[in-house]
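Right, one structure below, let's go through it.
All of the numbers you see were taken from the coordinates with simple rules; none came from a lab. Remember, it's a predicted structure, so these values are computed and weren't measured experimentally. When we count neighbours, we look across all protein chains shown, and the Cβ atoms used for this are built from the backbone with ideal geometry, even at glycine.
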Amino acid sequence: MSEGNKYTDEDLIARFQNGDEYAFDEIVNRYKDRLLNFVFRFIGQIDESEDIVQDTFLKVYKNKNSYENIARFSTWIYTIAGNLAKTELRKRKRRRIFSISKMGIDDKEFELSSTARTPEENTESIFNEKIIHNAIQKLPDKFRTVIILRDIQELSYDEISKIIGVPLGTIKSRVNRARLKLRELLKDFKN
Amino acid sequence: MYCNDFRNNLTSYLENELSTEEKKATLAHEESCVECSSFKKEYLEVIGSLSKLAKVRTSPNFEKILHQKLEDLSQESLINKIGEFLVPSSIGVRTAAVGFVALLLVLSGSYLFYNSSFSGGGEGMPVLSSPSFIEKKVVESSSETKAEDEDEKSAESEKTDEEEEMNSAETEFNKK
């Protein structure tokens, strides 16, 4: 939707609040893959991640008037998605079906965006992908969240601080500790 | 600078957030410490690997499913609104709803009553509310009552006749 591209996220939500349903479609178009990546890396299961992203958009639809143009729209939608993902993890822990070995990459096929790689790079990259994905799942929740938002989603520290509701200094410290922890885990996996 | 400080400062160092003095100290330590130099290299590899992770995409029917869920949501919302109207939560509104239903019942009953009283009913089917039917019934019942009275009277007179016969029979017996 080329016409949709000229609007900022805040413009789109404002238009949606005024009854423009096409604005909502554009929001879905912009955020569905980004949110899926965030949720998938957080909870590790692709099917459930899609459900959570669907629920995120349903919440946006139902509660559109709850958004006020004080914070960025991306902060709001990531907060919703993050809360839903955390709820899902808590449910899993209560059900005790969460298993480190039950990862998303070997499960049902999911679409990856195409990148120009040689076959060797593809093989190596898939292998590394598995190791990295598994290692991320082993991180404590608060480390996992920040490292996904910072190093995978490439959000600013300021935005991450608003999404999680924690001071900026704490976010930077967590990101650092998360990277150190991940480094250790990756070393263990390789060994 | 100690190795611990170096490692804890890495993020700030890479983000260019250290003061000039801190930056110099960090750089000097990196050049002098083989372990920390190697550590920094691994640290950067971690960040690089994360940014290069393949991006997943939503399934092709993602939006179709979402629109279906939105439709279900709007239907559910409509049903809830109807439900709230029929079974309202506040006492005052509930009372009004009950009164309204009662009024409807009375009105429909009256409608049926007046409607059938002018229609006269069908063939062979007595119309209960017809005045002519009621009158007829009254007449019938009074005639039935008369008939019963007459039966009683005739029964009594028969009894009297029997008694007389018995008495006469006794008299004749006694004579013998």
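Of note:
- Ranked for footprinting exposure by Cβ neighbours inside 10 Å, fewest first, A:31, A:22 give A:22, A:31.
- Panel order for B:51, A:173, A:161, by other beta carbons found within 10 Å of each beta carbon, from fewest to most: B:51, A:173, A:161.
- The label-point distance for residue A:190 and residue A:138, in a model that sets each label 7 Å from Cα toward Cβ, rounds to 1.3 nm.
- The label-point distance for residue B:113 and residue B:14, in a model that sets each label 7 Å from Cα toward Cβ, rounds to 8.9 nm.
- FRET efficiency for the pair residue A:22 and residue A:72, taken as 1/(1 + (r/R0)^6) with r the Cβ-Cβ distance and R0 = 25 Å, rounds to 0.70.
- With viscosity 1.002 mPa s and temperature 20 °C, the Kirkwood radius over alpha carbon pairs of the range B:25-91 converts through Stokes-Einstein to a diffusion coefficient of 119 µm²/s.
- Projected onto their three principal axes, the Cα atoms of the range B:3-51 cover extents of 30, 23, 15 Å, largest first.
- Working from label points 7 Å from Cα in the Cα-to-Cβ sense, the residue B:76 to residue A:129 distance is 3.4 nm.
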